[in-house]
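Below you'll find the structure, written out as structure tokens, and then a few comments.
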Amino acid sequence: MLKTSIAVFAVASFATIAAAQQPSAPVTEGRFPAAQVMSTVAGDDLTVTHWYKENVYDPTDNKIGEVTDVLINHDGKIDAFIVAVGGFLGVGEKDVAVPFNAIHFTTKNNNKWYMVMNATKDAMKAAPGLKYDRNAMTWIPENAPATTGAGAR
């Protein structure tokens with residue numbers, strides 16, 4: 001009986017050690033396509049930093065606001081910008097969504113790029129405002145109640 005118990009214990013121990021040495025498959029295996037690495041990118045691609053935290057001006061060079069967020073759709077294309085308008089030092093500021101094609105780049109006298117939008121600061125202040133809902137991780141109308149659970153993403 002003792003020999004049988006020792007043999008069962010030995011077999012169970014070796015099976016456990018062998019199983020522990022087997023590499024485990026990644027948790028996400030099969031859920032996502034294999035990652036690809038790019039060795040180059042197109043020379044005319046723009047980065048998010050061309051827009052993010054940059055000022056937006058009207059056609060007569062008056063500052064409208066600042067881009068505070070860049071909204072990218074599930075296809076990887078930029079859908080909209082969130083522009084903060086009004087206020088002083090962030091107090092009384094309003095966030096407004098504008099479509100991607102509403103903002104254009106031009107250059108100033110020193111050949112520095114800057115963003116221009118065919119709108120006025122007053123028109124942007126009068127536009128419907130948005131607020132960022134941290135629970136849902138999305139922008140919602142500024143008068144909508146915040147969500148209480150995790151977002152759908």
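No value in this document is a laboratory result; all are computed from the given coordinates. Not measured: the values here are computed from a predicted model. Methodologically, a virtual Cβ is constructed for each residue, glycine included, from the backbone with ideal geometry; neighbour enumeration extends over all protein chains shown.
Loop-only check: which trypsin sites (Lys or Arg not before Pro) in the stretch 76-114 are DSSP coil with at most 14 other Cβ within 10 angstrom?
Those satisfying the criteria are Lys77, Lys108, Lys112.
Please report Thr120, Thr40, Thr148 as a ranked list, fewest other C-beta atoms within 10 angstrom at the top and most at the bottom.
The most exposed by this proxy come first: Thr40, Thr148, Thr120.
Whose amide H sits under 5 Å from the amide H of Ile64, counting only residues 5 or more places off or on another chain, with H placed in the peptide plane?
Counting only residues 5 or more places away or on other chains, the set is Val56, Tyr57, Asp58.
Apply the Karplus curve 6.51 cos²θ - 1.76 cosθ + 1.60, θ = phi - 60°, to the phi angles in the stretch 126-141 and return the couplings in whole Hz, x for Gly and Pro.
For the stretch 126-141, the Karplus-derived couplings read 7, 6, x, x, 10, 9, 8, 8, 5, 6, 8, 6, 7, 8, 10, x Hz, x marking Gly and Pro.
Label the stretch 59-103 by shape, choosing from rounded, prolate and oblate, from the square roots a ≥ b ≥ c of the eigenvalues of the Cα gyration tensor; if a/c is under 1.5 it is rounded, and otherwise prolate applies when a/b is larger than b/c, oblate when it is not.
oblate
Largest first and to the nearest Å, give the Cα extent of the stretch 48-141 along each principal axis.
The Cα atoms of the stretch 48-141 stretch 44, 32, 20 Å along the principal axes, largest first.
Could you name the lysines in cross-link range of Lys131, using Cα to Cα under 25 Å and dropping any fewer than eight places away on the same chain?
Partners found: Lys53, Lys63, Lys77, Lys94, Lys121.
Can you list residues whose amide H is under 5 Å from Ile72's amide H, if they're 5+ apart or on another chain and H is modeled 1.01 Å from N?
For Ile72, whose amide H was placed from the backbone, the distant partners under 5 Å are Asp79.
In sequence order, what are the phi-derived ³J(HN,Hα) couplings for the stretch 73-82 according to the Karplus relation 6.51 cos²θ - 1.76 cosθ + 1.60 with θ = phi - 60°, rounded to whole Hz, with x for glycine and proline?
Calculated HN-Hα couplings, in order: 7, 5, 8, x, 9, 6, 8, 7, 10, 9 Hz.
Apply the Karplus parameterisation 6.51 cos²θ - 1.76 cosθ + 1.60, with θ equal to phi minus 60°, to every residue of the stretch 50-64 and state each ³J(HN,Hα) to the nearest whole Hz, in sequence, with x for glycine and proline.
5, 10, 4, 6, 9, 6, 10, 10, 7, x, 9, 6, 8, 5, 8
Sequence-distant or interchain residues sharing an amide H contact under 5 Å with Glu93, placed H: which?
Amide H neighbours of Glu93, under 5 Å, 5+ apart: Phe88.
If we count other beta carbons within 10 Å of each Cβ, what is the order of Trp113, Trp51, fewest first?
Least crowded to most crowded, the residues run Trp113, Trp51.
Fewest Cβ neighbours within 10 Å first, please rank Thr138, Thr47 accordingly.
Lowest to highest Cβ neighbour count: Thr47, Thr138.
For a paramagnetic label modelled at 7 Å from the Cα of Thr60 toward its Cβ, which residues of the stretch 92-123 fall within the zone defined by backbone nitrogen distances under 14 Å?
Residues 118-123 qualify, since their backbone N sits under 14 Å from the label point.
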